[in-house]
Structures are given as C-alpha cells and as structure tokens.
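I have placed the structure first, in the form of structure tokens, so that the comments after it can refer back to it.
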Amino acid sequence: MLTPLPHGLTIDENPSVLKITKKWFNAGHVFILIFSIIWNAFLIFFYSMIISSFKNSDESNFAFIIMFIFPLGHVAVGVSLFYYGITGMVNKTTIEVVQGLLKVYHHPIPWFGNKDIHSVLIKQLYCSEVYRSTKGGHYYVFDVNVVLTDNKQIKLVKSLSDKAQGLFIENKIEEYLKIKDEQVTGEVNKP
C-alpha cells in the first residue's frame, strides 16, 4: 500500500538508493534556543563578576574555588540546552537504503541514535504509537520499528509527531526492500 508523501518529509529514490529525510525544526526549538542564550548570558555575567571581584580582593582562594565550581551544573544545563536548541533548528534525520544497508543518521550536527542494519536481516517494519504525558495534558508520538529475522526489535526512528510520516516510512522501506507487509503486535491501525 503506497501512501502519499506526508508534510515534513522529502524523498529521493532511484534503483540504487532510497533516501527519506525529515527536518527536526519546530517552534519549541526556537524557545529552547532563546532561553538557553539568556541562561548562558546570565552565567557569563555571573562568572565575570566573580572573577573581577576576586581579582581586586583579599578573599581566600577557597572561597573563589567554591564560587567558581558551584554553578558548573548550571553551565552544563546551559550548554546542553543550547546544543539541543541548535540541533533542533538545523538537524535532519535521514533514513537511507543503500548497498544492502538500512542506515539512519542525524546531520549536520552530531547526535546519538545513528544506525546501520543489514537489510537481509530485516523481517518486518511497523509503526507504533507512544503515549506521552505532560503537566498540560497528553499526546501521542509515533516510532518506526524494525523486526529482525531473530525477532529482535530495533527503534529505527522515534518521536514522529505525525502518524502519516511513520506509516509512509514503514511502507516505503518495505516496498523498496520487497518485504511483504504483515501485522505486528503493537503497530498502529492502518487506514
């Protein structure tokens, strides 16, 4: 069953390669990036005040070390939020079937979760629904999973906001690899 190309995905297909790409960008990444810039600017100001006040004082080195080390956790949070915000603004996830491999990689900024799976080991793909809860309510995201010939399951792509994207990725890879679609426990209902 061929589904139409959903919003947010691009595809490049020819006899030697299938490449599906999804951009990460959403409004939440803009908020996180702005917040992290403000957070980090405050930390820069804080550290500059500490350094300048201890240069011109007779305080002990111990007090300076404590004042310098204590906020390092805040620095780690600020740097992590900034990195997450930037990657969310510019990164893409590419799923590629080429030369007997199913590859997933995130680019241009490095991120975890890259995968290489030999296509001969793939028994089935399926899209699953994942319930997420927040203080403001709940929502669903969708994962694309691979079932290997030894029945081991691997998350190929996770946290897609659109069910149509997950189903398209599943169907397109199965079609390209000539895998007959079969029902898998835990998969979403198909239209």
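Mind checking whether some residue in the stretch 166-185 is part of a strand (DSSP E or B) and either in contact (Cβ under 8 Å) with a residue 40 or more places away in the chain or surrounded by 15 or more Cβ atoms within 10 Å (Cβ to Cβ) (or both)? The answer is no; no qualifying residue exists. Scanning the stretch 9-67 for residues that are in contact (Cβ under 8 Å) with a residue 24 or more places away in the chain and of a type in the set (S, T, N, Q) yields Ser16, Thr21, Asn26, Ser36, Asn40.
When you look at Gln153, is it among the polar types (S, T, N, Q) and free of Cβ contacts under 8 Å to residues at least 24 places away in the same chain, yes or no? When the stated conditions are applied, Gln153 passes them. Quick check: anything in the stretch 125-141 among the basic types (Lys, Arg) and at pLDDT 95 or above? No, the conditions are met nowhere in the stretch 125-141. Exactly one residue out of Ile86, Ile66 is under 18 Å from the mean Cα position of the chain (by Cα) and either exposed (fewer than 14 other Cβ atoms within 10 Å of the Cβ) or among the aliphatic types (A, V, I, L, M) (or both), and it is Ile86.
The values are calculated or read from the model by the stated rules, or taken from the named source; none is laboratory data. The structure presented is a predicted model; accordingly, all values stated were derived computationally and were not measured. Backbone-built Cβ (ideal geometry, glycine too); neighbour counts: all protein chains shown.
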